[in-house]
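Below: one structure, written as structure tokens.
The values are calculated or read from the model by the stated rules, or taken from the named source; none is laboratory data. Computed from a predicted model, the values in this text were never measured in an experiment. Methodologically, a virtual Cβ is constructed for each residue, glycine included, from the backbone with ideal geometry; neighbour enumeration extends over all protein chains shown.
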Amino acid sequence: MCGIAGFLDKTGERSSVGSVMLEMLSALGRRGPDSAGVAVYGPATDGQIKLRIKAGENGIPEGRTERIAARAAILAQVIGSEVAGDYLRLVVRYDGPIETLEHAIEDIAPDIEIISAGHSLELVKQVGSPQRLDATYRVRSFTGTHAIGHTRLSTESRVDLSHSQPFYAHGALDIATAHNGHITNYHKLRRQYEMRGIRFYTENDSEIIGLYLKERMMQGLDFEAALYASMRDFDGSFSYIAATQDQIGFVKDAFGLKPLMLVETPEYVAMATEEQALCAVFGQGVQAREPAPGVVRVWRVPVSPETVGKKVAA
């Protein structure tokens with residue numbers, strides 16, 4: 001029983017998406033007290049890639065961040081480096097395959113993991129409540145055009161940073177997913193991926209979603225078509241939200257057993273597992289509805305002049 005949420009400012013301007021996500025996740029907190037996370041999409045800067053790196057399993061070992069930065073500098077130009085909470089955050093200029101850079105960094109030690117990589121994506125997650133996440137990373141201050149978030153109740157896999165959501169699709173810049181439900185053919189799909197040399201970082205069935213979307217899009221499908229394909233290829237009962245650098249969308253399986261509520265206005269679109277999460281941000285008068293089973297929807301970020309610090313009215 002997890003909680004998922006998503007938001008897109010349809011004006012294309014930067015808004016206080018961090019605050020919106022935090023309020024929605026707080027309202028969903030009882031659905032998932034184990035962990036919380038948000039993936040926020042801000043502006044891209046001169047081709048730079050932002051990396052969030054888990055530098056250790058239980059804290060960051062002495063000298064580890066320096067080793068990671070030095071290894072990254074062999075392949076990329078390192079623009080910035082800082083430790084934030086459980087992560088080393090690197091900003092680099094790099095035009096090679098992102099998987100090559102990821103593997104080079106992760107080969108330093110087995111407990112290192114690239115949590116996210118993207119031109120626009122900033123992803124933070126950790127064990128604990130949304131309030132704890134905000135206390136560590138100041139999520140309320142995050143601005144961008146769209147975002148997705150997750151609160152987790154562990155039912156099958158352990159509780160730690162790696163198993164928390166949203167999940168970044170390793171090897172595919174700016175793709176992130178947040179999932180509620182069960183993908184019952186996960187183990188069959190995972191074996192197929194592993195036979196092709198794909199690495200898995202968790203035992204969480206949700207991890208398969210981003211990898212699936214990545215592969216389908218590499219095969220030539222656009223984002224929306226990849227979402228439709230997943231509804232056919234995944235078994236189980238699930239709702240999930242996915243995002244790219246300039247799009248956000250959701251999938252509800254054909255059984256419709258996992259809830260997802262939606263509100264759309266000329267200014268924004270927002271979705272969450274429960275209506276109360278939408279009311280927490282947009283007021284009790286918000287006109288929310290539940291999409292029918294088997295529905296896929298996608299929205300694209302409009303091209304618009306950026307307004308820094310624009311607020312979304314509660």
- Message: Can you find a residue that is part of a helix (DSSP H, G or I) and farther than 23 Å from ILE175 by Cα anywhere in the stretch 226-241?
- Response: no
- Residue match in the stretch 270-293 (condition: surrounded by fewer than 17 Cβ atoms within 10 Å (Cβ to Cβ), farther than 22 Å from THR11 by Cα, touching a Phe, Trp or Tyr at 6+ places or on another chain (Cβ under 8 Å) and in contact (Cβ under 8 Å) with a residue 12 or more places away in the chain): yes
- Message: Here is a check on your reading of the model: is VAL38 within 23 Å of VAL127 (Cβ to Cβ) and β-branched (Val, Ile, Thr)?
- Response: yes
- Among (1) in contact with a Phe, Trp or Tyr (Cβ under 9 Å, 6 or more places away or on another chain); (2) at pLDDT below 95, which single condition is GLY171 missing? (1)
- Residues of the stretch 172-223 satisfying the condition of being within 19 Å of LEU123 (Cα to Cα), in a loop (DSSP other than H, G, I, E, B) and of a type in the set (D, E, K, R): ASP174
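A quick yes/no check of all residues on (1) within 21 Å of THR273 (Cβ to Cβ); (2) under 11 Å from the mean Cα position of the chain (by Cα); (3) of a type in the set (Val, Ile, Thr):
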residue	(1), (2), (3)
LEU101	no, no, no
PRO110	no, no, no
GLN131	yes, no, no
ALA176	yes, yes, no
LEU189	no, no, no
GLY210	yes, yes, no
LYS214	no, no, no
- Among the candidates GLY171, GLY149, which residue alone is under 12 Å from the mean Cα position of the chain (by Cα), of a type in the set (Gly, Ala, Ser) and in the same structural domain as ASP235 (by TED's automatic domain parsing)? GLY149
- Message: Every residue in the stretch 242-272 that is closer than 17 Å to ILE183 by Cα, within 20 Å of the chain's Cα centre (by Cα) and outside any strand (DSSP E or B), please.
- Response: ASP253, LYS258, PRO259, LEU260
- Message: Could you go through the stretch 241-259 and let me know if any residue there is crowded, with 18+ Cβ neighbours inside 10 Å, of a type in the set (A, V, I, L, M, F, W, C), within 29 Å of GLU13 (Cβ to Cβ) and in contact with an Asp or Glu (Cβ under 9 Å, 6 or more places away or on another chain).
- Response: yes
- Item | Count - residues of the stretch 281-297 that are touching a Pro at 6+ places or on another chain (Cβ under 9 Å) and outside any loop (DSSP other than H, G, I, E, B) | 1
